[in-house]
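See below for the structure under consideration.
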There are 2 protein chains.
Amino acid sequence: MAYLGYRPGDADTAWGAFFDPRMALLPAHVVDALHHGPQADQVLLDLACAADLLDHGYLATETGYGRLRRGGFAVSVLTDMPGVTPQMWDWWFGWHGSDARRYKLWHPRAHASARWADGGGDGQYVGRTSLVEEYLGSAYTKAAIRFVPPEELGLPPHRLGDSVAVCARLGSSELPVDIGWLVHQIRPTADGSEMRSRFWMGGPEVAVRHGNMFANSMIRPVAARQLPDPRDLMVHCAQEMNHLAGFLPALYARFA
Amino acid sequence: MAYLGYRPGDADTAWGAFFDPRMALLPAHVVDALHHGPQADQVLLDLACAADLLDHGYLATETGYGRLRRGGFAVSVLTDMPGVTPQMWDWWFGWHGSDARRYKLWHPRAHASARWADGGGDGQYVGRTSLVEEYLGSAYTKAAIRFVPPEELGLPPHRLGDSVAVCARLGSSELPVDIGWLVHQIRPTADGSEMRSRFWMGGPEVAVRHGNMFANSMIRPVAARQLPDPRDLMVHCAQEMNHLAGFLPALYARFA
């Protein structure tokens, strides 16, 4: 039975001391985006243009959300991470998924459990599916996060020079239905790195796994009711990335 | 085909250098109003009492929104504009509507196109209809803004002493349906001027153009689903007025 937070004994691991239930306030630019509310779809990145993340500089909406014209919604979050390198995140994605007590370090107020669908342990994450249970806002979700090669989204291989792109298909672990995509692009900055997260959820991104167009058209109206609130997704992502970035360098130094 | 922002060549006008896609943060009093959420209708200005805007001082809700007892909602926004005069706005309303590249200066993240329904050019705006395409939040809208003499809302002629009142009936450019009213009252302050914007949307303000009471009662439930979110309207208005006020004096000095 999955549960939130650490219970007595859960911290009795080599990494247990890193569990910190106190989370920082939301960064000011995330609060600004919450105030602003939904953005025009033309200032949001289209999934088909994910490779624009490789351009220098910033896109029109680095933090924000909005409904897309073809249905569904997009969420963007920028996380500044002094002292963190892209390689640390590459390691983290291969390390955290084999033990719920690691996954909980990331978002102590929302992450309940994690395991690999293949039952395996640490190592590579691309091509594997992480089965997680977590809250998005007040909504408890059981998700299957299938990490895919960035080429599947039109991006170059996930380590490009000094940058890393973590890409995944997002779906349910209880039903054979996918509901979205994510990209976390991590690129170096003068004093560490920054993460540019993008989610595309609902609408045309809903599909029955191994299904056909008819199945998709049947499931979409049902799936639309299961989608997270874009504000909750933006807050969750901003919180977990900022939180882990605070001690990822120390974690990496000890366990990588 | 209307689109957001400037594309290559769009800035090749005498005013093109004024296009700035970076917009300022929302003013603190607008953020307060967003935090507060809906207000009691009795602290919102009734459309029938629009002339109260002529009183000295401020009304009960200069920035905020709320549902009205008779249906629909009201939105208020106060914009402080150092260095700006009411006459500059009077000029702007007659100048911007004949070229989408001017209209886009006003809200670079939401304005897509503008033209006059009469096909004409610059000059007077009262009595004319501006056909615009713009986002309110994530919602793309095609609006017909029919500027009316302030007398139609019980206000004195639009230039009263040093003040200007811009008044309009708001409706669809695709259907013969109106959905609201607006007033932007601009009055001098010690260091420039301030704009007091008021919108009354939905409920009894929905009407079929040249229609009758029966037609109105049929269309109202449909129109109610097309109305913008009052928060999105408040954010949009605050953004565009603050943004333009930043360079309106320079624009006026050059083109008026």
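The table below lists the values:
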{"quantity": "Subset tally (residues that are within 14 Å of chain A (Cβ to nearest Cβ) and out of contact with any strand residue (DSSP E or B) (no Cβ under 8 Å at 6 or more places or on another chain)) for region B:193-231", "calculated": "0"}
{"quantity": "Positions within region A:91-109 being buried (at least 20 other Cβ atoms within 10 Å of the Cβ) and part of a loop (DSSP other than H, G, I, E, B), in sequence order", "calculated": "A:HIS107"}
{"quantity": "Any pair with Cβ under 9 angstrom, 6 or more apart, that starts in region B:232-246 at a residue that is at the interface with chain A (Cβ under 9 Å from one of its Cβ atoms) and ends at one that is in a helix (DSSP H, G or I)", "calculated": "B:VAL235/A:HIS35; B:VAL235/A:HIS36; B:VAL235/B:VAL30; B:VAL235/B:LEU34; B:GLN239/A:HIS36; B:GLN239/B:VAL30"}
{"quantity": "Subset tally (residues that are part of a helix (DSSP H, G or I) and modelled with pLDDT of 95 or more) for region A:223-241", "calculated": "12"}
{"quantity": "Looking only at region B:109-132, and only at residues there that are within 14 Å of chain A (Cβ to nearest Cβ) and not hydrophobic (A, V, I, L, M, F, W, C), the one that is farthest from B:ASP232 (Cα to Cα)", "calculated": "B:SER113"}
{"quantity": "Filtered residue count, region B:133-180, keeping only those that are in a strand (DSSP E or B) and either of a type in the set (S, T, N, Q) or within 14 Å of chain A (Cβ to nearest Cβ) (or both)", "calculated": "10"}
{"quantity": "Members of region A:37-87 that are more than 14 Å from chain B (Cβ to nearest Cβ) and in a strand (DSSP E or B)", "calculated": "A:VAL77, A:LEU78, A:THR79, A:ASP80, A:MET81, A:PRO82"}
{"quantity": "Of all residues in region B:53-70 being in contact with a Pro (Cβ under 9 Å, 6 or more places away or on another chain) and surrounded by fewer than 17 Cβ atoms within 10 Å (Cβ to Cβ), the one that is farthest from B:TRP200 (Cα to Cα)", "calculated": "B:LEU54"}
{"quantity": "Considering residues of region B:3-24 that are surrounded by 15 or more Cβ atoms within 10 Å (Cβ to Cβ) and within 14 Å of another protein chain (Cβ to nearest Cβ) only, the residue nearest to B:ALA139 (Cα to Cα)", "calculated": "B:LEU4"}
{"quantity": "B:TRP200, sole failed condition from (1) among the aromatic types (Phe, Trp, Tyr); (2) over 14 Å from the mean Cα position of the chain (by Cα); (3) buried (at least 20 other Cβ atoms within 10 Å of the Cβ)", "calculated": "(2)"}
{"quantity": "Residue match in region A:208-226 (condition: within 19 Å of the chain's Cα centre (by Cα) and surrounded by fewer than 18 Cβ atoms within 10 Å (Cβ to Cβ))", "calculated": "yes"}
{"quantity": "Among (1) away from chain B (no Cβ under 14 Å); (2) farther than 29 Å from A:GLY154 by Cβ; (3) of a type outside the set (S, T, N, Q); (4) in contact (Cβ under 8 Å) with a residue 24 or more places away in the chain - the single one A:ASP32 does not satisfy", "calculated": "(1)"}
{"quantity": "Qualifying residue in region A:71-93 (condition: hydroxyl-bearing (Ser, Thr, Tyr) and out of contact with any strand residue (DSSP E or B) (no Cβ under 9 Å at 6 or more places or on another chain))", "calculated": "no"}
{"quantity": "Test result for B:GLY137, crowded, with 20+ Cβ neighbours inside 10 Å and on the phi > 0 side of the Ramachandran plot", "calculated": "yes"}
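The values are calculated or read from the model by the stated rules, or taken from the named source; none is laboratory data. Only a predicted model underlies this, so the values are computations on that prediction, with no experimental measurement involved. All Cβ positions, even for glycine, are placed from backbone atoms using ideal geometry, and neighbour counts span all protein chains on display.
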